[in-house]
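Read through the structure below, which is laid out as structure tokens, and then see the notes.
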Amino acid sequence: MEYLILGLLLLAPMTGYELQRFIKQNLALICSSSAGSVQTALAKLEKEGRIAAAEAMEGRRRKKTYTITPAGRQAFAGWVAQPMQAGRVKNMELARLFFLGLAAPQERTAAIRDYIRQMEKTQAVLRAIREQFRSAQTGELPPGQNWAEVFRFQGYTIEYGIAAAEFERQWYGRLLEEMEGEA
């Protein structure tokens, strides 16, 4: 969560609420979007000197806007430059599949059908995010970033999610057909 927040703050200063809302709308499939996890990460990053907060009154409310510090930029640069690690990606639903033979046959097919429905919903959510993402690229952007490259890799992430959900939907669909053919 900490590096995700650092990356978002590299793009633009944000309040805790704005960070949480962005994560919930765009990155909920990657990480938790709970207020508690965002606030815990913000407190840790501020304590470590990786972000700084500026408070301002907006009407009757106090607004705390976070920015990334040079130490935060350095930490983020070190993290993002590390090689990606395949072993770090976990799918805990595979554990459920591993033990599905211990469930009753009707429970097995119900679980697979429900998972297929979830993958269809995931694809729909990601397609909607992709459309929002495309329209966001046409707006006014703050200077200081190579936005074409930023958007390029953000787009890859969205396309990966759509393709991964499609793969799982198809794979579990074949499994369901096989299971129903045995009945």
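The values are calculated or read from the model by the stated rules, or taken from the named source; none is laboratory data. This structure is a prediction, so every number in the text was calculated from the model and none was measured. Quick reminder, even Gly has a Cβ in these numbers, built from the backbone with ideal geometry, and neighbours come from all protein chains shown. For accessibility, only protein heavy atoms count, side chains too; no ligands or nucleic acids. Shrake-Rupley method; radii C 1.70, N 1.55, O 1.52, S 1.80 Å.
Among (1) outside any helix (DSSP H, G or I); (2) open to solvent by less than 50 Å² (accessible area, probe 1.4 Å), which single condition is R130 missing?
(1)
Quick test for you: out of L6, L19, pick the one residue that is modelled with pLDDT of 90 or more and crowded, with 18+ Cβ neighbours inside 10 Å.
L6
If you go through the range 133-149 one residue at a time, do you hit one that is part of a helix (DSSP H, G or I), within 14 Å of the chain's Cα centre (by Cα) and of a type in the set (K, R)? Quick ask: steps written out before the conclusion?
Let us first name the residues in the range 133-149 that are part of a helix (DSSP H, G or I), namely 133-136, 147-149.
When the remaining residues are screened for being within 14 Å of the chain's Cα centre (by Cα), the result is 133.
Adding the requirement that they be of a type in the set (K, R) leaves none.
Checking the range 133-149: not a single residue is part of a helix (DSSP H, G or I), within 14 Å of the chain's Cα centre (by Cα) and of a type in the set (K, R).
Report the residue count in the range 1-20 for those that are farther than 15 Å from K44 by Cβ and outside any helix (DSSP H, G or I).
Within the range 1-20, residues that are farther than 15 Å from K44 by Cβ and outside any helix (DSSP H, G or I) number 4.
Does A41 fit the bill of being closer than 30 Å to A124 by Cα, modelled with pLDDT of 90 or more and either touching a helix residue (DSSP H, G or I) at 6+ places or on another chain (Cβ under 8 Å) or surrounded by 15 or more Cβ atoms within 10 Å (Cβ to Cβ) (or both)?
Details: closer than 30 Å to A124 by Cα: yes; modelled with pLDDT of 90 or more: yes; either touching a helix residue (DSSP H, G or I) at 6+ places or on another chain (Cβ under 8 Å) or surrounded by 15 or more Cβ atoms within 10 Å (Cβ to Cβ) (or both): yes.
Yes, satisfied.
What number of residues within the range 171-183 satisfy the criterion of being open to solvent by 90 Å² or more (accessible area, probe 1.4 Å) and either closer than 15 Å to D114 by Cα or part of a helix (DSSP H, G or I) (or both)?
Total meeting the criteria: 5.
What are the residue pairs meeting all of these: first residue in the range 54-82, first residue over 13 Å from L10 (Cα atoms), second residue part of a loop (DSSP other than H, G, I, E, B) and modelled with pLDDT under 85, Cβ atoms under 6 Å, and 6 or more apart or on different chains?
none
Please go through the range 54-77 and pick out each residue that is part of a helix (DSSP H, G or I) and either surrounded by 13 or more Cβ atoms within 10 Å (Cβ to Cβ) or at pLDDT 90 or above (or both). It would help to see each step written out before you state the result.
First, the residues of the range 54-77 that are part of a helix (DSSP H, G or I): 70-77.
Scanning the range 54-77 gives P70, A71, G72, R73, Q74, A75, F76.
Could you list all residues from the range 39-53 that are assigned to a strand (DSSP E or B) and in contact (Cβ under 8 Å) with a residue 40 or more places away in the chain?
I51
Being under 28 Å from F167 (Cα atoms) and either open to solvent by 80 Å² or more (accessible area, probe 1.4 Å) or touching a strand residue (DSSP E or B) at 6+ places or on another chain (Cβ under 7 Å) (or both) is true for just one of E120, E140, E149. Which residue is that? Write out each step before concluding.
Numbers: E140 fails: under 28 Å from F167 (Cα atoms); E149 fails: either open to solvent by 80 Å² or more (accessible area, probe 1.4 Å) or touching a strand residue (DSSP E or B) at 6+ places or on another chain (Cβ under 7 Å) (or both).
Just one listed residue meets the conditions, E120.
Residue under question is A110, and the condition is that it be modelled with pLDDT under 85, in a helix (DSSP H, G or I), surrounded by 10 or more Cβ atoms within 10 Å (Cβ to Cβ) and not aromatic (F, W, Y); does it hold?
No; evaluated as a whole, the condition is false for this residue.
Applying the selection to the range 78-100, what residues are at pLDDT below 75 and surrounded by 10 or more Cβ atoms within 10 Å (Cβ to Cβ)?
N91
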